[in-house]
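A short write-up of the structure that comes next.
The values are calculated or read from the model by the stated rules, or taken from the named source; none is laboratory data. Being a predicted model, the structure only gives us computed values, none of them experimental. With ideal geometry, Cβ positions are generated from the backbone for all residues, glycine too; neighbour counts draw on all protein chains shown.
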Amino acid sequence: MWMAWSVADEEQSRKLRGGTGPHWKKPDDARIALAMLREDDEAMVEVLGRYAEHHITPALAKYEEGQRIERAFGSLVAEPSDVPDAIGHIPPEVYEAAIEAGLLEWCEEHGRFETATGVTAEQAEEFARSQDRRGFSPEGGNSAA
């Protein structure tokens, strides 16, 4: 921040001068520098707050929504999957009901059924409650398991 550069015009040439620290010219210069640092701190706090509000909070909410959807479908699993990032094998009748309900759609890119675009956690949880006879609990799987 204090890497000061200056160009000095001299008789026949110009000189570029650099410094690695402040060179106070007046006794109050240090106070001005501290006031500038305080303003920078306040501005950084505001910028970080805006960034968090605009980027981090929505991303976290989206992640939490995805976790709720995953828990809802995870409660319907007949057996766990050995495939990374897969929740497990859902019984065929439940799988077909999820497709009919519009909760799953075919993804050409991945070559498999995935959660349909726009599905909310509430929709997935309601579906899990309607299909799961073991007592789905949104807080963590099945309440009667």
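Computed values, structure above
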read-out: Residue match in the range 10-30 (condition: among the polar types (S, T, N, Q) and within 38 Å of the chain's Cα centre (by Cα)); value: no
read-out: Qualifying residue in the range 60-69 (condition: part of a loop (DSSP other than H, G, I, E, B), surrounded by 10 or more Cβ atoms within 10 Å (Cβ to Cβ), in contact with a helix residue (DSSP H, G or I) (Cβ under 6 Å, 6 or more places away or on another chain) and in contact (Cβ under 8 Å) with a residue 12 or more places away in the chain); value: no
read-out: Per-region count, the range 116-140, residues at pLDDT below 85 and either within 15 Å of GLU64 (Cα to Cα) or among the aliphatic types (A, V, I, L, M) (or both); value: 3
read-out: Yes/no for SER13 being hydroxyl-bearing (Ser, Thr, Tyr) and without any contact (Cβ under 8 Å) to a residue 60 or more places away in the chain; value: yes
read-out: Close pairs from the range 81-107: first part of a loop (DSSP other than H, G, I, E, B), partner among the polar types (S, T, N, Q), Cβ under 6 Å, at least 6 apart; value: GLY88/SER81
read-out: Criterion (under 30 Å from TRP5 (Cα atoms) and either modelled with pLDDT of 90 or more or among the acidic types (Asp, Glu) (or both)) met by exactly one of ARG38, ARG31, ARG50; value: ARG38
